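**Student:** Attaching a single structure in structure tokens format; questions to follow.
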Amino acid sequence: MYRINHYIKFLLNSSNQHGVHSPFVYQLITECFYDKSDYEHYKTILNYRKSLLNNTTPINVEDLGAGSQIMKQHIRTVSSLTKNAGTTYKRAKLLYRLVAYFKFNRVLELGTSLGIATHALSLGNKKTHITSIEGCRETSKFSENQLKDFKVKNISLVTNNFDDEIKKLTLNTYDLIFFDGNHQKEATLSYFEALLKTTHNNSVFIFDDIYWSAGMAEAWNIIKEHPKVTVTIDTFYWGFVFFRREQNKEHFTIRV
């Protein structure tokens with residue numbers, strides 16, 4: 001009910017590109033978010049997801065974050081994980097467009113899961129190098145093999161808990177960080193603060209499931225008000241964060 005109530009509020013408060021006065025955000029919405037082109041890589045993205053939906057391999061899932069709101073058992077099939085927790089085809093296509101639009105070179109993903117988002121990110125720009133961290137050992141091993149089957153070569157998959165691994169990454173610089181592995185307020189804010197050190201003026205953070213819970217919504221509001229954050233876009237499922245110093249601080253709520 002919490003998410004339903006917030007979704008109703010989102011629909012009442014959200015808009016499309018009309019009324020957006022920021023040229024940067026307007027162009028992003030019209031040329032990327034609302035791009036209706038039928039890219040050839042979409043077939044590959046769909047085939048990757050279909051292969052998972054048809055896979056009944058059991059995986060012993062170690063939930064190191066908030067866990068699933070639907071699946072409580074630890075042994076889950078690949079197909080059930082894809083249906084209930086995997087990145088949707090629509091959102092995978094948006095990730096692909098974002099990488100192609102911004103031409104990201106260095107990407108960090110917190111939460112590989114079954115690699116649907118990872119795969120889509122890898123296709124957007126062949127020059128992109130993606131570091132993807134997954135805490136669950138069995139999930140990580142499965143995804144590593146799945147990505148190899150689809151001949152993905154621009155990904156380094158790391159199996160470790162986020163807290164330990166992030167400490168090793170703070171001297172790096174990333175163009176995009178996709179936070180999709182621990183939907184808890186304290187952890188989200190901790191990772192956000194730690195990885196602020198890796199940003200540059202054009203870096204983008206994407207937070208998955210910002211209305212997962214009251215705690216996640218609180219974390220999202222705190223992130224929006226951070227002094228280094230200039231522009232945010234709330235699409236209900238994802239929260240986009242930008243650090244462009246030339247922009248006035250503005251928050252947008254956009255239907256995608």
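**Student:** Got a sec to turn the phi values of the range 172-182 into Karplus ³J(HN,Hα) couplings, 6.51 cos²θ - 1.76 cosθ + 1.60 with θ = phi - 60°, whole Hz, x for Gly and Pro?
**Tutor:** Ordered by residue, 3J(HN,Hα) equals 7, 10, 10, 7, 9, 10, 10, 8, 9, x, 8 Hz.
**Student:** What is the distance, in nm, between label points placed 7 Å from the Cα along the Cα-to-Cβ direction at Asn145 and at Lys224?
**Tutor:** Here the modelled spin labels are 4.4 nm apart.
**Student:** Starting from the amide H of Val158, placed 1.01 Å from N in the peptide plane, find each other amide H under 5 Å away whose residue is 5 or more places distant or on another chain.
**Tutor:** Ser132, Ile133, Glu134
**Student:** Which lysines have a Cα lying under 20 Å from the Cα of Lys185, excluding residues fewer than 8 positions away in the same chain?
**Tutor:** Partners found: Lys167, Lys197, Lys224, Lys228.
**Student:** Please list, ordered by chain and number, the residues whose modelled amide H lies under 5 Å from the amide H of Arg106; skip anything fewer than 5 residues away on the same chain.
**Tutor:** Amide H neighbours of Arg106, under 5 Å, 5+ apart: His129, Asp175, Leu176.
**Student:** Additional query: With +1 on the Cβ of every Lys and Arg and -1 on the Cβ of every Asp and Glu, and nothing else charged, how large is the dipole of the range 173-256 about its Cα centre, in debye rounded to the nearest 20? All intermediate terms of the calculation are to be shown ahead of the outcome.
**Tutor:** Numbers: 8 positive and 11 negative charges, 54 e Å.
The calculated dipole for the range 173-256 is roughly 260 debye.
**Student:** Moving on. Given +1 on the Cβ of Lys and Arg, -1 on the Cβ of Asp and Glu, and no further charges, what dipole in debye does the chain carry about its Cα centre, rounded to the nearest 20? Provide the component values of the computation, followed by the final result.
**Tutor:** Working: 32 positive and 25 negative charges, 129 e Å.
I would put it at about 620 debye.
**Student:** In addition: Once you place label points 7 Å from the Cα toward the Cβ at Lys168 and Ser190, how far apart are they in nm?
**Tutor:** Placing both labels 7 Å beyond Cα along the Cβ direction yields 1.8 nm.
**Student:** So for the range 2-253, taking the charge dipole from beta-carbon charges (+1 Lys/Arg, -1 Asp/Glu), which of Gly239, Ser22, His129 sits furthest toward the positive end?
**Tutor:** The residue sitting most towards the positive pole is His129.
**Student:** For a bin width of 10 Å, list the pair-distance distribution of the range 138-256 built from all Cα-Cα distances, rounded to whole %.
**Tutor:** Cα pair-distance distribution for the range 138-256, in percent: 12, 40, 34, 13, 1.
**Student:** Ok, one more. Which one of Thr82, Asn47, His200 has its Cα pushed farthest toward the positive end of the charge dipole of the chain, where Lys and Arg give +1 and Asp and Glu give -1 at the Cβ?
**Tutor:** It is Asn47.
**Student:** For Leu46 paired with Thr77, estimate the spin-label separation in nm (one decimal), with each label point 7 Å from Cα along the Cα-to-Cβ line.
**Tutor:** Each label point lies 7 Å from its Cα, and together they span 2.3 nm.
**Student:** Local charge sum around Phe104 (other residues, Cβ-Cβ under 12 Å, Lys/Arg +1, Asp/Glu -1)? Provide the component values of the computation, followed by the final result.
**Tutor:** Details: positive: Arg97, Lys103, Arg106, Lys126, Lys127; negative: Glu109, Asp175.
Residues near Phe104 contribute +3 overall.
**Student:** Report the calculated FRET efficiency for His251 and Arg106 (r = Cβ-Cβ distance, R0 = 22 Å), to the nearest 0.05. Write down the numbers at each step before the final one.
**Tutor:** Details: r = 26 Å, r/R0 = 1.20.
That pair, His251 with Arg106, gives E of 0.25.
**Student:** Helix-derived [θ] at 222 nm for the chain: sum -39500 (n - 2.57) over DSSP H runs of at least 4, divide by residue count, nearest 500? Don't skip to the end; give the middle numbers.
**Tutor:** Details: 10 runs with 105 residues, N = 256.
Calculated from helices alone, the mean residue ellipticity at 222 nm is -12000 deg cm²/dmol.
**Student:** When ranked by the protection proxy of mean other Cβ atoms within 10 Å per residue, highest first, what sequence do the peptides 242-255, 4-17 form? Present the calculation step by step, with values, prior to reporting the outcome.
**Tutor:** Values: 242-255: 14.2, 4-17: 12.4.
For the peptides 242-255, 4-17, the packing ranking is 242-255, 4-17.
**Student:** Let me ask another. Mind checking the range 89-195 for trypsin sites (Lys or Arg not before Pro) that DSSP puts in a loop (not H, G, I, E or B) and that have at most 16 other Cβ atoms within 10 Å? Walk me through the numbers on the way to the answer.
**Tutor:** On the way: sites: Lys90, Arg91, Lys93, Arg97, Lys103, Arg106, Lys126, Lys127, Arg137, Lys141, Lys148, Lys151, Lys153, Lys167, Lys168, Lys185; in loops: Lys103, Lys126, Lys127, Lys151, Lys153.
Passing sites in the range 89-195 are Lys103, Lys126, Lys127, Lys151, Lys153.
**Student:** Rounded to the nearest 0.05, what FRET efficiency do Arg244 and Thr56 give with R0 = 51 Å and r taken as the Cβ-Cβ distance? Could you check?
**Tutor:** Details: r = 46 Å, r/R0 = 0.90.
The computed FRET efficiency comes out at 0.65.
**Student:** Something else about it: When only Cα pairs under 8 Å and 6 or more residues apart are kept, what is the percent relative contact order across the chain? All intermediate terms of the calculation are to be shown ahead of the outcome.
**Tutor:** Details: 434 pairs, mean separation 44.1, N = 256.
For the chain, the relative contact order is 17 percent.
**Student:** On to the next question. So if I place +1 on the C-beta of Lys and Arg and -1 on the C-beta of Asp and Glu, and nothing else carries charge, what would the dipole magnitude of the range 40-178 be about its Cα centre? I want it in debye, nearest 20.
**Tutor:** Details: 21 positive and 12 negative charges, 135 e Å.
For the range 40-178, the charge dipole is close to 640 debye.
Computed from the coordinates by the stated procedures, all read-outs in this text should not be read as laboratory data. Here the structure is a predicted model, which means the values were calculated and not measured. As a convention, Cβ positions derive from the backbone with ideal geometry for all residues, glycine included, and neighbour counts pool all protein chains shown.
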